[in-house]
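**Q** Quick one: the structure is below, questions incoming.
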């Protein structure tokens, strides 16, 4: 499945993923030369070093969650999966995504586009907001509603 492909594995990735990769013909390489970079924890020190590298900042590489390998193993295929769904962003971006999600849901509810019973359950921390303006406690962004 991974013949002629190389991968780097963060210390956060279980050894079983390494073994699956090599049993399917893949080989292990340094992160600067690997075709694929896998991690399970964006805050792991070795993954943080990658996120802080010039190569990452200049969009020359991408870190993927190792769940991609589990999905490949279940399907016995690489081609039936979209690896883009397994991109692992830095932890700071993950927090921003949560804030953006809160803001989007709030505005959609105000506009009447989404019914509360159709929203997916969210188990993270919720941001309080007040009439006209509210501040997201995660990213400290002040969001003001337009006057009507």
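**Q** For the range 13-35, which residues satisfy the criterion of being in contact (Cβ under 8 Å) with a residue 40 or more places away in the chain and either in a strand (DSSP E or B) or touching a strand residue (DSSP E or B) at 6+ places or on another chain (Cβ under 7 Å) (or both)?
**A** Across the range 13-35, the qualifying residues are 13, 17, 21.
**Q** Take residue 50 and decide whether it is in contact with a helix residue (DSSP H, G or I) (Cβ under 8 Å, 6 or more places away or on another chain) and at pLDDT below 90.
**A** no
**Q** Looking at the structure I just gave you, is residue 62 touching a residue at least 40 places away in the same chain (Cβ under 8 Å), closer than 14 Å to residue 34 by Cβ and surrounded by 15 or more Cβ atoms within 10 Å (Cβ to Cβ)?
**A** no
The values are calculated or read from the model by the stated rules, or taken from the named source; none is laboratory data. Just so it is clear, the model here is predicted, and its values are computed rather than measured. In this analysis, Cβ positions are derived from the backbone assuming ideal geometry, glycine residues included, and neighbour counts consider all displayed protein chains.
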